[in-house]
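The values are calculated or read from the model by the stated rules, or taken from the named source; none is laboratory data. A quick note: this is a predicted structure, and the numbers were derived from the prediction, not measured. In this analysis, Cβ positions are derived from the backbone assuming ideal geometry, glycine residues included, and neighbour counts consider all displayed protein chains.
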């Protein structure tokens with residue numbers, strides 16, 4: 001008999017094992033395991049829950065749901081987010097995933113969500129169709145760009161600017177600056193001083209992974225960046241790779257003997273990666289400088305790759321393009337609970353949602 005219920009904290013080790021045994025991807029298949037415990041990733045959200053599916057008392061699947069306040073066409077709305085859905089291989093195609101989605105939806109509706117959304121890899125046609133059958137409309141395609149960090153990046157900070165990490169005295173300035181940078185972009189959650197403090201206490205975030213470029217004369221922020229240490233929250237391990245990936249790994253491994261070259265993890269190896277949560281700047285040159293600072297810091301900390309996500313028309317995609325960058329496309333699917341809206345303009349996607 002299959003039962004759907006809320007997860008227990010004591011089930012963390014079993015859920016970690018189950019999650020690890022539900023790999024994703026095709027050409028590059030990877031497994032993920034939340035760390036240091038299964039619920040760590042969820043703690044980046046102030047209001048969340050986790051449901052599990054059991055069969056005769058044995059865990060066979062799980063889903064997480066979280067609530068956040070975001071802009072939709074210039075108005076603040078309470079949104080529900082479905083994520084971390086997985087079901088063991090032997091229990092797939094039995095309706096377990098649909099039942100998990102429905103109970104998570106029920107929880108979000110009881111908390112007065114105006115809409116519920118999910119992000120699904122564009123190549124995962126089966127899951128996209130399942131969610132479409134549950135009423136989730138394909139609303140927008142977003143792009144995740146991965147960039148390898150295999151060599152140092154040179155940059156020059158203008159004499160008029162200072163490079164600092166974020167400190168508590170600047171939390172309010174930081175929030176105001178990012179609110180101006182992102183404006184009322186769809187899916188952006190506006191910040192204040194307390195929310196910045198809460199954010200930095202979340203898994204994967206810290207003041208040490210923030211960078212401010214400030215004007216020395218008037219102490220105003222000119223550019224700001226906050227990085228999420230994805231690797232400290234979720235361990236990513238390569239399970240298998242296609243022949244094309246094997247050839248590419250062979251090529252980069254050979255090149256690496258002579259010149260700095262990207263590292264491609266092989267089967268059994270782990271990937272250390274960071275994600276850019278926020279990057280705001282007063283102009284494209286400062287944005288490029290801030291990005292170089294982040295990428296160089298990743299190289300210094302021996303991070304394999306750094307990523308960011310958003311609309312492919314964003315300026316950041318233009319300045320970060322290289323022969324080694326790799327783009328992965330995801331679809332944003334939304335179930336409107338209070339009337340459908342046609343979203344226009346810029347969209348913000350939190351890297352934590354990945």
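Taken together, 72, 60, 98 contain a single residue that is outside the structural domain of residue 212 (by TED's automatic domain parsing) and touching a residue at least 60 places away in the same chain (Cβ under 8 Å), which is 72.
Of all residues being touching a strand residue (DSSP E or B) at 6+ places or on another chain (Cβ under 8 Å) and at positive phi in segment 186-225, which is surrounded by the most Cβ atoms within 10 Å (Cβ to Cβ)? Just the residue, please. In this case the residue turns out to be 187. Counting residues in segment 324-331 that are under 16 Å from the mean Cα position of the chain (by Cα) and either buried (at least 20 other Cβ atoms within 10 Å of the Cβ) or outside any strand (DSSP E or B) (or both) gives one or more.
Can you say whether residue 181 is crowded, with 18+ Cβ neighbours inside 10 Å, in contact with a helix residue (DSSP H, G or I) (Cβ under 6 Å, 6 or more places away or on another chain) and assigned by TED's automatic domain parsing to the domain that holds residue 222, as far as the supplied structure shows? Break it down stepwise before answering.
Working: crowded, with 18+ Cβ neighbours inside 10 Å: yes; in contact with a helix residue (DSSP H, G or I) (Cβ under 6 Å, 6 or more places away or on another chain): no; assigned by TED's automatic domain parsing to the domain that holds residue 222: yes.
Considered against the rule, which asks whether it is crowded, with 18+ Cβ neighbours inside 10 Å, in contact with a helix residue (DSSP H, G or I) (Cβ under 6 Å, 6 or more places away or on another chain) and assigned by TED's automatic domain parsing to the domain that holds residue 222, residue 181 comes out as no.
If you go through segment 69-78 one residue at a time, do you hit one that is out of contact with any strand residue (DSSP E or B) (no Cβ under 7 Å at 6 or more places or on another chain) and either more than 30 Å from residue 182 (Cα to Cα) or surrounded by 18 or more Cβ atoms within 10 Å (Cβ to Cβ) (or both)? Within segment 69-78 (the criterion being out of contact with any strand residue (DSSP E or B) (no Cβ under 7 Å at 6 or more places or on another chain) and either more than 30 Å from residue 182 (Cα to Cα) or surrounded by 18 or more Cβ atoms within 10 Å (Cβ to Cβ) (or both)), the answer is no, since none of the residues qualifies. Set side by side, the residues 249, 302 differ, and just one is outside the structural domain of residue 122 (by TED's automatic domain parsing) and at negative phi, which is 249.
Being surrounded by 21 or more Cβ atoms within 10 Å (Cβ to Cβ), within 19 Å of the chain's Cα centre (by Cα) and outside any loop (DSSP other than H, G, I, E, B), is that true of even one residue in segment 295-302? Yes, segment 295-302 contains at least one residue that is surrounded by 21 or more Cβ atoms within 10 Å (Cβ to Cβ), within 19 Å of the chain's Cα centre (by Cα) and outside any loop (DSSP other than H, G, I, E, B). Taking the conditions (1) assigned to a strand (DSSP E or B); (2) at pLDDT 95 or above; (3) under 30 Å from residue 279 (Cβ atoms) in turn, residue 140 satisfies each one other than (2).
Here the condition is being in the same structural domain as residue 205 (by TED's automatic domain parsing), modelled with pLDDT of 90 or more and assigned to a strand (DSSP E or B); of 289, 279, 316, it holds for 279 alone. For segment 239-264, a tally of residues being in a loop (DSSP other than H, G, I, E, B) and in contact with a strand residue (DSSP E or B) (Cβ under 6 Å, 6 or more places away or on another chain) returns 1. Scanning segment 141-166 for residues that are in contact with a strand residue (DSSP E or B) (Cβ under 9 Å, 6 or more places away or on another chain) and either over 27 Å from residue 329 (Cα atoms) or without any contact (Cβ under 8 Å) to a residue 60 or more places away in the chain (or both) gives 157, 158, 160, 161, 162, 163, 164, 165, 166.
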